[in-house]
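A.B. asks: Have a look at the structure that comes next, please.
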Amino acid sequence: MIMALIVQKFGGTSVADTNKILAAARKAIRETMRGNQVVMVVSAMGKNTDHLIALAKEITPNPNTREMDMLMSTGEQVTVALMAIALQTLGHEAISMTAAQIGIRTDNSFSKARIRSISTERMQKALDEGKIVIAAGFQGIDDDFNYTTLGRGGSDTTAVALAAALKADCCDIYTDVDGVYSTDPRVVPEARRVERISYDEMLELASLGAGVMHSRSIEFAKKFGVTVHVRSSFSDNPGTIIGPNPESPHVPVCGVALAKDEARFTVIGVPDRPGVAMELFSRIAQAKIPTDMIAQNISSAGRTDISFTVPGDDFASAREIITKTIREIGAEGLESEEKVSKVSVVGLGMENQTGVAQKMFHALSKKGINISMITTSDIKISALVSRDDGVTALRAVHEAFELNLSPEERTPVESICDSTQTQTASEEDERDLVPGEFVSRLTGMEEILIEQIALDQQEMRFTLSDVPDRPGLAAAMFDRIAEKKISVDLIVQSVGRGNLANISFTVARGDAAVVTELMNELSREYKAQSLNNPTVAKLTIRGTGLRSHTGLVCRMFKTLSENGINVSIICTSERNINVIVDESNGENGFQSLNAEFAEEIL
């Protein structure tokens with residue numbers, strides 16, 4: 001009697017040589033001997049993909065992307081064949097399959113392809129015959145039968161996608177570490193293995209620099225309800241379960257991530273009118289360059305500055321696009337910084353606990369680390385620092401939140417009640433996702449799904465403008481706010497012209513009088529401007545993998561601009577896009593976003 005269907009994924013280090021291939025084969029055999037069906041997903045051996053890329057670069061520095069995908073897909077084909085031979089030698093029936101043989105259909109975005117559909121018939125037939133199926137990770141085929149590759153971490157994506165398509169009981173990800181840690185244990189030796197982590201937390205950490213899992217694989221896991229088990233290839237340690245629930249709902253932070261290689265752009269003097277930001281970000285999205293940490297300063301004299309980050313690898317191509325675009329939109333100039341890093345804290349517990357941002361900023365201030373940008377969401381806070389300060393920042397923040405300790409051992413923090421009133425697209429928006437209940441609506445497996453569109457009309461926006469930028473600025477400012485027992489929602493900081501910082505944040509309107517008095521004090525002390533707006537509305541789109549779908553922000557901006565709605569603050573994350581607009585535009589913006597994304601709303 002078959003007990004379960006298990007998908008096992010083995011990365012490059014886990015199949016780096018024939019001895020490791022045999023060791024991986026034994027793990028699959030162990031599952032079959034328990035009565036389970038097994039699908040193995042394997043990567044190319046060790047550094048084989050890097051070797052193939054180097055060979056192509058010996059011929060030309062800019063090889064054709066179609067041919068590169070054809071070349072790189074051969075690495076996995078070698079591994080699947082060797083794995084099948086190993087299993088057969090050990091006395092078990094096995095069959096190797098490439099993406100074409102399985103039927104993993106993708107779009108034709110070479111090197112960054114997205115999965116549209118997976119055929120399960122051939123795999124299921126082999127499983128029913130008692131065979132172990134070995135599937136090539138990282139690859140697919142488009143409608144013209146060209147080989148495509150899925151981008152960085154593509155084998156993780158293949159594994160979880162196959163688990164979703166086959167309705168597997170579990171997807172075991174075997175890697176060179178024995179689970180998900182509170183941060184990279186190679187950088188912070190005292191990092192702690194997390195026993196369980198939620199989809200949303202893992203999705204944020206994966207996109208923010210944690211290298212254990214790739215964000216697109218977690219998107220699949222969340223959308224299709226796949227339980228993911230991250231385990232060591234070299235031991236039988238229990239690993240980490242990735243599922244719907246966090247390890248503990250009572251701690252604010254579950255992990256810290258460092259994206260070492262980021263680049264910052266600030267577009268100076270952007271005309272502050274609806275549609276201009278959309279034009280800028282649509283050009284970047286067309287090149288499939290993900291943007292993050294988008295921060296827009298409050299308008300002055302009809303002009304605003306927009307700062308944002310992109311992955312360091314995309315710096316040159318992004319700069320070329322932005323330089324051309326700023327001339328067309330009438331912006332005044334461009335500042336850029338290539339050597340920056342992003343340190344981020346993540347945790348579902350942030351939603352109902354105060355002081356998280358304050359503690360993070362304090363930890364950085366104590367080390368003399370300057371913050372050039374800040375963005376927040378409901379479960380994430382990110383700070384941009386110099387690349388030279390990146391590792392120090394990571395260690396400082398990890399220590400501040402006591403992440404080396406179990407949740408029960410950490411210092412308790414103060415909880416709050418959420419008193420804000422939000423309007424949502426439907427009464428069912430916040431229900432738990434039921435695996436498979438909405439899958440039939442997808443024409444492509446990696447299509448975006450929106451869980452909620454919300455309108456919050458109970459907040460007030462405060463801005464401290466033109467503050468001399470220096471280490472400790474955010475810590476000192478939010479210390480004063482915390483002393484007043486004020487809960488802060490969105491925080492955005494950016495540095496514009498003249499090395500002057502602008503910090504904006506929102507609070508509940510019931511706290512307006514206290515915060516207004518405090519901001520007046522701060523403006524006098526810092527010789528800065530205090531710009532407050534007591535009547536703002538927050539529009540939120542919540543979904544899965546919003547950052548990896550590069551065109552979503554543009555669609556949001558386009559919809560708002562077409563309805564004459566200007567945006568004053570932007571905060572983005574993997575699961576939320578938040579914008580602040582004038583309250584008079586809130587209801588119109590809410591209705592227009594619901595109309596625009598009607599097909600994608602869950």
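A.B. asks: If each residue of separation counts as 0.36 nm, what is the full-extension length gain between Arg480 and Thr120 once their alpha-carbon separation is subtracted?
C.D. replies: Length gained between Arg480 and Thr120: 123.8 nm.
A.B. asks: Same structure, new question: What aspartates and glutamates could a cross-link reach from Lys20, if we take a straight Cα to Cα line under 18 Å and drop same-chain neighbours fewer than 8 places away?
C.D. replies: Straight-line reach from Lys20, under 18 Å: Glu31, Glu76, Asp172, Asp176, Asp178, Asp236.
A.B. asks: May I pose another question? Rounded, prolate or oblate for the range 174-262? Axes are the square roots of the Cα gyration tensor eigenvalues, ordered a ≥ b ≥ c, and the cut-off for rounded is a/c under 1.5.
C.D. replies: On the way: a/c = 1.25, a/b = 1.09, b/c = 1.15.
Verdict is rounded for the range 174-262.
A.B. asks: Considering only C-alpha atoms, what is the centroid distance from the range 147-172 to the range 82-104, in Å?
C.D. replies: Between the Cα centres of the range 147-172 and the range 82-104 lies a distance of 16 Å.
A.B. asks: How about the range 126-205: which chymotrypsin sites (Phe, Trp or Tyr not before Pro) there are in a DSSP loop, with at most 11 other Cβ atoms within 10 Å of their Cβ? Working shown, then result.
C.D. replies: Details: sites: Phe138, Phe145, Tyr147, Tyr174, Tyr181, Tyr199; in loops: Phe138, Phe145.
Taking the range 126-205 and a limit of 11 other Cβ atoms within 10 Å, the loop chymotrypsin sites (Phe, Trp or Tyr not before Pro) found are Phe145.
A.B. asks: Could you give the Stokes-Einstein D for the range 475-602 in µm² per second, using the C-alpha Kirkwood radius, 37 °C, 0.692 mPa s?
C.D. replies: Numbers: Rh = 16.4 Å.
For the chosen part, D equals 201 µm²/s.
A.B. asks: Among 18-25, 267-274, 339-346, how do they line up from the highest to the lowest mean number of other beta-carbon atoms within 10 Å? Working shown, then result.
C.D. replies: On the way: 18-25: 17.9, 267-274: 19.6, 339-346: 26.0.
Going from most to least packed, we get 339-346, 267-274, 18-25.
A.B. asks: Quick one: Kirkwood hydrodynamic radius for the range 72-206, alpha-carbon pairs, angstrom, one decimal? Before the final figure, lay out the partial values.
C.D. replies: Values: mean 1/r = 0.0608 Å⁻¹.
Taking the inverse mean of 1/r over all distinct Cα pairs, the range 72-206 comes out at 16.5 Å.
A.B. asks: Something else: Would you mind calculating the gained length between Arg319 and Glu521 on full extension (0.36 nm times residue separation, minus the Cα-Cα distance), in nm to one decimal? List each step's numbers first, then the result.
C.D. replies: Working: separation 202, 0.36 × 202 = 72.72 nm, distance 3.94 nm.
Taking Arg319 through Glu521 to full extension adds about 68.8 nm, to one decimal.
A.B. asks: Show me, for the range 380-386, the HN-Hα J-couplings you get by feeding each phi into the Karplus relation (A = 6.51, B = -1.76, C = 1.60, θ = phi - 60°), rounded to Hz, glycine and proline as x.
C.D. replies: 8, 10, 10, 10, 9, 10, 4
A.B. asks: Could you tell me what percent of the DSSP beta bridges with both partners in the chain are antiparallel, to the nearest 5?
C.D. replies: Details: 87 of 116 bridges.
Approximately 75 percent, going by the DSSP bridge assignments.
A.B. asks: Here is a follow-up. Would you please give the FRET efficiency between Lys367 and Asp128, computed as 1/(1 + (r/R0)^6) with r the Cβ-Cβ distance and R0 = 41 Å, to the nearest 0.05? Don't skip to the answer; put the middle values down first.
C.D. replies: Values: r = 59 Å, r/R0 = 1.43.
It comes out at approximately 0.10.
A.B. asks: Would you give the gap between the C-alpha center of the range 487-529 and the C-alpha center of the range 576-602, rounded to a whole Å?
C.D. replies: Centre-to-centre distance over Cα atoms comes out at 26 Å.
A.B. asks: Helix-only estimate, please: 222 nm mean residue ellipticity of the chain, summing -39500 (n - 2.57) across DSSP H runs of length 4 or more and dividing by its residues, to the nearest 500. Kindly include the intermediate steps, with their values, before the conclusion.
C.D. replies: Working: 16 runs with 193 residues, N = 602.
Helices in the chain give a 222 nm mean residue ellipticity of -10000 deg cm²/dmol.
A.B. asks: Under the definition of Cα pairs under 8 Å and six or more residues apart, what whole-number percent is the relative contact order of the range 462-534? Walk me through the numbers on the way to the answer.
C.D. replies: Details: 97 pairs, mean separation 34.1, N = 73.
The value is 47 percent.
A.B. asks: Can I ask one more? What is the packing order of peptides 580-586, 201-207, 594-600, taking the mean over residues of other C-beta atoms within 10 Å and listing the highest first? Show your work: numbers first, answer last.
C.D. replies: On the way: 580-586: 18.9, 201-207: 28.7, 594-600: 14.7.
Going from most to least packed, we get 201-207, 580-586, 594-600.
A.B. asks: List residues of the range 254-285, by number, whose backbone nitrogen lies under 20 Å from a label position 7 Å along Cα→C-beta of Ala301.
C.D. replies: Under 20 Å, as judged by backbone N against the label point of Ala301, lie 266-274 of the range 254-285.
A.B. asks: Still on this structure: Take the cross-link list Lys9/Lys167; Lys47/Lys131; Lys222/Lys380; Lys342/Lys380 and give me the ones stretching past 22 Å between alpha-carbons.
C.D. replies: Lys47/Lys131
A.B. asks: Under 5 Å between amide hydrogens, which residues at least 5 positions from Thr148 or on another chain qualify, with H placed 1.01 Å from N in the peptide plane?
C.D. replies: Hits under the 5 Å cutoff: Gly140, Ile141, Asp142.
A.B. asks: A further question on this structure: Which whole-Hz ³J(HN,Hα) couplings does the range 233-239 yield from phi under the Karplus relation 6.51 cos²θ - 1.76 cosθ + 1.60, θ = phi - 60°, glycine and proline marked x?
C.D. replies: Couplings: 6, 10, 8, 10, 4, x, x Hz.
A.B. asks: Pop out the ³J(HN,Hα) list for the range 368-379 in order, Karplus 6.51 cos²θ - 1.76 cosθ + 1.60 with θ = phi - 60°, rounded to Hz; leave Gly and Pro as x.
C.D. replies: The phi angles translate into x, 8, 8, 9, 9, 8, 9, 9, 9, 9, 5, 10 Hz.
A.B. asks: Can I ask one more? In Å², what does the accessible area per residue of the range 1-148 work out to with a 1.4 Å probe?
C.D. replies: Solvent-accessible surface per residue comes out at 46 Å².
A.B. asks: Also: So if I take the centroid of the Cα atoms in the range 109-136 and the same for the range 1-70, what is the distance between those two points in Å?
C.D. replies: 14
A.B. asks: Where Lys and Arg each count +1 and Asp and Glu each count -1, what net charge lies around Ile95 among other residues with Cβ under 13 Å from its Cβ? It would help to have the intermediate numbers written out before the result.
C.D. replies: Values: positive: Arg122, Lys125, Lys131; negative: Glu93, Asp128, Glu129.
Neighbour charge sum, excluding Ile95 itself: 0.
A.B. asks: Something else about it: Can you give the FRET efficiency for Glu328 and Asn19, using 1/(1 + (r/R0)^6), R0 = 45 Å, r = Cβ-Cβ distance, to the nearest 0.05?
C.D. replies: Given R0 = 45 Å and the Cβ-Cβ separation, E is 0.20.
A.B. asks: Extending each Cα 7 Å along its Cβ direction at Asp176 and Glu562, get the distance between those two points in nm, one decimal.
C.D. replies: With each label point 7 Å from Cα toward Cβ, the separation is 4.8 nm.
The values are calculated or read from the model by the stated rules, or taken from the named source; none is laboratory data. Here the structure is a predicted model, which means the values were calculated and not measured. Reconstructed Cβ throughout: ideal geometry from the backbone, glycine too, with neighbour counts over all protein chains shown. With ligands, DNA and RNA removed, areas are computed over all heavy atoms of the protein, side chains included. Shrake-Rupley method; radii C 1.70, N 1.55, O 1.52, S 1.80 Å.
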